[in-house]
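Student: I am attaching a structure below and will ask some questions about it afterwards.
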Amino acid sequence: MSESVTLLATLCLADSYSWTDFSEGAARIGATAATLQGSGVGLVEQLDHLSAKGVRQVHLVPVNLTDSVPASWLGRVARWWLEHRPDAQLEIWYTTQALPGMPAALPSREGARVLRPNDSLTSPTWEQVPAVRHHVLVCRGPRCSAKGSSGMLASLGAELHERDMLDSEVLVTQTGCLYPCNRAPVVAIQPEMEWVGPVHESDVIALADQLERYCRDGTRATNRGISPPTETRAD
Ligand code: FES
């Protein structure tokens, strides 16, 4: 393997569903591929692999295939990797602006900068779970994404924000396939273990009303915070 490698990385969960096409496309232009989240070879795993193969320089390039997602987390994870692999002889050049789609040729290094190690994956503000009552899982699996879960997710976030419920009463998270794909787009409400679908953008007001009723009720959910695994098992 060459001592210098271009590493293209997708950023969002939905893009990871195109992992096979993405990694093959990267190989066609002489690059290697990774994903920041979701399916495929993760960034940390790929950096470990390249380092073990004797690669000395990586040009890390963020790529957005569908949604437009800020690239900053890619640099944070790469810096975290450098922090936790002090013996690695790998220099990482990082392009901060995500490319809109798979490049037709190896991207230039113009504007890229060398990353320095620091532990950028923790912060005092990320120590506790938010004091929400409900966790809404919005499926971004292949069927739900095809049937509009991206737009529905954006509308749901905006509606809950408008009602002052987002991240205070309700945490919204996008997930992979939740299984009842025939009812796509699917949403699961926790801790009720309640699956809802299909939920289209036009259903968002009704879903937000439902969540508001649950929050007003107040007896349906207790936020127990976060515990280490041993304490959880002792319950
Ligand atoms: S893809 Fe959404 S439930 Fe399967």
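The values are calculated or read from the model by the stated rules, or taken from the named source; none is laboratory data. Computed from a prediction, not measured in an experiment: that's the story for all the values here. Neighbour counts are summed over all protein chains in view; Cβ atoms, including those assigned to glycine, are modelled from backbone coordinates with ideal geometry.
Student: Out of everything in segment 140-149 that is buried (at least 19 other Cβ atoms within 10 Å of the Cβ) and in a helix (DSSP H, G or I), what residue ends up being nearest to the ligand (Cβ to nearest atom)?
Tutor: Looking at residues that are buried (at least 19 other Cβ atoms within 10 Å of the Cβ) and in a helix (DSSP H, G or I), I get C144.
Student: Is there a residue being closer than 18 Å to S16 by Cα and either without any contact (Cβ under 8 Å) to a residue 12 or more places away in the chain or within 16 Å of the ligand (Cβ to nearest atom) (or both) anywhere in segment 48-67?
Tutor: yes
Student: Next question. Of all residues in segment 76-107, which are more than 12 Å from T10 (Cα to Cα) and either part of a strand (DSSP E or B) or under 14 Å from the mean Cα position of the chain (by Cα) (or both)?
Tutor: Correct list: R76, V77, E91, I92, W93, Y94.
Student: Looking at G157, is it within 9 Å of the ligand (Cβ to nearest atom) and either of a type in the set (F, W, Y) or surrounded by 13 or more Cβ atoms within 10 Å (Cβ to Cβ) (or both)?
Tutor: Against the criterion (within 9 Å of the ligand (Cβ to nearest atom) and either of a type in the set (F, W, Y) or surrounded by 13 or more Cβ atoms within 10 Å (Cβ to Cβ) (or both)), G157 does not qualify.
Student: Moving to a separate point now. Before we move on, is V69 of a type in the set (A, V, I, L, M, F, W, C) and either at pLDDT 90 or above or over 28 Å from S149 (Cα atoms) (or both)?
Tutor: no
Student: Further question on the same structure: Consider segment 180-198. How many of its residues are among the charged types (D, E, K, R) and outside any loop (DSSP other than H, G, I, E, B)?
Tutor: Qualifying residue count, segment 180-198: 2.
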